[in-house]
Amino acid sequence: MYDILIIGTGITGTFLARTLARYELKLALVDKEDDIACGATMANSAIIHSGHDPKPGTLKARFNVRGNEMYEDICRELGVAFRRCGALVAACTAPEEAILDTLEQQAKERHIPVSRLSRPQALAREPRLSDHVTAALELPSTGIITPWEVAIALTEEAVMNGTQLFLESQVESIRVADTATDRSVSGRFFEVATCMKNGTRRILKARYVINAAGVHADRIYAMVSPIEQGKEKRFAITPRKGEYFVLDHEEPSLVSRVIYPVPSDRGKGVLAVPTIHHNLLIGPSSDFVADRDDLGNTAQALSYVRREAARIVKDIPFHKVIRNFAGLRPTGTTHDFIIEEAPDVPGFILTAAIESPGLTAAPAIAEYVTHTILAPKLTLTPRAHYRRRRPFLSLAELSPEEYNKKIRENPAFGRMVCRCEQITEAEILDAIHRPAGARTLKGVKKRCRPGMGRCQGGFCEPLITEILCRELSLTPQELLHIPKGGTSDENL
């Protein structure tokens, strides 16, 4: 019997797991995918927004501002990168400049640092702004992270402190039970039925369930709150697809800050975003789709992204694109985050419709759920000996002398596997054998970046496959989920 079971290992679920793992609680973290952070957390703009944009009075506005305040300290504790690079919101017309007035006033009311810039002032900060830009807002508290690195670090620390992680565990049903159905248990609880790819089924029991299932959150809720005939759903999720370009490393970077257009009813718009690892993201598009697994790119959306990006930044070197990708945002019918105990199902906690600025808001959401929703119901005894994760070693930060010392201590540091990103075999072994370690090619890629560079794994993936198979005692067919006579799944 778990005290709390969390469904979803995206940024919301993993922040909840790490926050709750600070207390003497029995926790389970469940996801249908074969690794952590495979949904929206893997495919977004990677921005810690300042909080200037959400509508007043919304949970989005409240938790955005608080989350921005929290991130820097949390990333320092976890040993993951955070950079407060700042941002400009670029206006191109008189009506857009009027919207800047509103955004500036909202920022001031929320005590967010903000400055209004003329065109010459904006160009002095970002020379590659387009000829269309007439004015801008400067938002210095805006930051950037690598979202999946944060989610993985959060999960590592939660697992190190007793949280049980169940991956490849599709939730098939949730049943509310009580002493009448199980005399070994006192009181009310949930039975969560899960199924793995290999057909293994488990029933996990928990006093409380937290629904952090992203684009599937409404379906998970429907398992405990079926819609009665003639009644409307409390909320529904519609996936909103965003498509991006990733540009190769550029030194100096095309832009040093996040460049936003003025927001519209389609969201924050097409952005130019420098990344922690010195790539450049251009995107996203914003299109509702019916398929909750639709991660394909389209010529139409990518053309839209190129056209819109040119309004705010000029001479973007699209010939240096090394990858396109798409992500799905869980847009809800309430037009705000849904964070509450379900009114019709006591003990079932909703963290749903967590679209932008959900990445920024995640630590504040976890704080609120823990201390406002759960604390009156549970005894939160601080864990006596909370264990901290060991950060990944950054070889790029070592001097030649320090690097040579590492090779003498462990020859695997001298075997280069990924030439583009300069990743060694020792780093890949560490990614596999850490708590909640990598079990797939994508898992290794997310933890230490082999395959993230210019060749996108063309040279290193066969080597990483060999290492994974050796360390996990798998055949290549098993690793890549290749059935007899079939083709691999989307693991690559």
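The values are calculated or read from the model by the stated rules, or taken from the named source; none is laboratory data. What you are looking at is a predicted structure, and each value in this text was computed from that prediction instead of being measured. Cβ: placed from backbone, ideal geometry, glycine included. Neighbour counts: every protein chain shown. Ligands, DNA and RNA are excluded from the accessible area calculation, which covers all protein heavy atoms including side chains. Shrake-Rupley method; radii C 1.70, N 1.55, O 1.52, S 1.80 Å.
For the chain, what does the helix formula give at 222 nm: sum of -39500 (n - 2.57) over DSSP H segments with n ≥ 4, over the residue count, nearest 500 deg cm²/dmol?
-8500 deg cm²/dmol
Considering only protein heavy atoms, what is the solvent-accessible area of Arg307 at a probe of 1.4 Å, reported in Å² to the nearest 10?
140
Can you tell me how the stretch 21-71 classifies by the Cα gyration tensor, rounded, prolate or oblate, using a/c under 1.5 as the rounded cut?
oblate
State the cysteines of the chain left without a partner when partners are defined as other cysteines whose beta carbon lies under 4.7 Å away.
If one checks each Cβ against the other cysteines of the chain, Cys38, Cys75, Cys85, Cys92, Cys195, Cys420, Cys448, Cys455, Cys469 turn up with nothing under 4.7 Å.
How much length, in nm to one decimal, is gained on full extension between Cys195 and Leu393, taken as 0.36 nm per residue of separation minus their Cα-Cα distance?
Stretched fully, the Cys195-Leu393 segment lengthens by 67.7 nm.
Only loop residues by DSSP count here, and only those with at most 15 other Cβ atoms within 10 Å; note down the chymotrypsin sites (Phe, Trp or Tyr not before Pro) in the stretch 356-451 that meet that.
Tyr386
Heads up, I need the accessible area for Lys406: 1.4 angstrom probe, whole protein in place, Å², nearest 10.
Accessible surface of Lys406 is approximately 60 Å².
What longest region of the chain stays clear of GluC sites (Glu not before Pro) that DSSP places outside H, G, I, E and B and that have at most 11 other Cβ atoms within 10 Å?
The segment 233-489 is the longest one with no such site.
Just the C-alpha atoms of the stretch 305-359: what Rg/Rh do they give, with Rh taken as the Kirkwood radius?
Ratio of gyration radius to Kirkwood radius for the stretch 305-359: 1.25.
For the chain, with every protein chain kept in place, what is the accessible area per residue (1.4 Å probe, Å²)?
For the chain, the per-residue accessible area is 44 Å².
Rounded if a/c is under 1.5, else prolate if a/b beats b/c, else oblate: with a ≥ b ≥ c from the C-alpha gyration tensor eigenvalues square-rooted, which is the stretch 221-307?
prolate
Assign unit charges at the C-beta atoms only (+1 for Lys and Arg, -1 for Asp and Glu), then state the dipole size of the chain relative to its Cα centre in Debye, rounded to the nearest 20.
Once rounded to the nearest 20, the dipole reads 460 debye.
Is the stretch 343-436 best put as rounded, prolate or oblate by its Cα gyration tensor, with a ≥ b ≥ c the root eigenvalues, rounded for a/c under 1.5, and otherwise prolate when a/b is larger than b/c, oblate when not?
Prolate shape, in that a/c is at least 1.5 and a/b is the bigger ratio.
Over 28 Å between C-alpha atoms is what I'm after, so list which of Lys32/Lys241; Lys405/Lys442; Lys26/Lys268 land there.
Long pairs (Cα-Cα over 28 Å): Lys405/Lys442; Lys26/Lys268.
Give the percent of DSSP beta bridges with both residues in the chain that are antiparallel, rounded to the nearest 5.
75
Excluding residues on the same chain fewer than 8 positions from Lys377, give the aspartates and glutamates whose Cα lies under 12 Å from its Cα.
Asp3, Glu341
Quickly work out the Leu474-to-Thr134 label distance, labels modelled 7 Å from Cα along the C-beta direction, and quote it in nm with one decimal.
Simple spin-label model gives 5.6 nm for this pair.
Per residue of the stretch 457-463, what does 6.51 cos²θ - 1.76 cosθ + 1.60 with θ = phi - 60° give for ³J(HN,Hα)? Whole Hz please, x for Gly and Pro, Karplus curve as stated.
In residue order, the calculated couplings are x, x, 9, 8, 4, x, 5 Hz.
I'd like the trypsin sites (Lys or Arg not before Pro) in the stretch 233-269 restricted to DSSP loop residues with at most 14 other Cβ atoms within 10 Å, sorted by number.
Lys233, Arg266
Under a cut-off of 14 Å between alpha-carbon atoms, report the aspartates and glutamates in cross-link reach of Lys320, not counting same-chain residues fewer than 8 places apart.
Within reach: Asp248, Glu250, Glu251.
Once you have the Cα-Cα distance between Phe235 and Arg188, take 0.36 nm times their residue separation minus that, and quote the gain in nm to one decimal.
That works out to 14.4 nm of additional length.
Using the basic label-point model (7 angstrom from Cα toward the beta carbon), what is the Glu72 to Leu380 distance in nanometres?
2.5
What percent of all Cα-Cα pairs in the stretch 257-373 falls in each 10 Å bin, counting up from 0?
Binned Cα distances yield the sequence 11, 36, 31, 16, 6, 0.
Just need log10 I(q)/I(0) for the stretch 77-150 at q = 0.13, 0.28 Å⁻¹, Debye formula, equal scatterers on the alpha-carbon atoms, no solvent, rounded to two decimals.
-0.46, -1.23
For the stretch 112-173, what is the Kirkwood hydrodynamic radius in Å, using each pair of distinct C-alpha atoms?
16.0
With the full set of protein chains in place, find how many percent of the accessible area of the stretch 85-215 is carbon and sulfur; take the probe as 1.4 Å.
Answer for the stretch 85-215: carbon and sulfur cover 51 percent of the accessible area.
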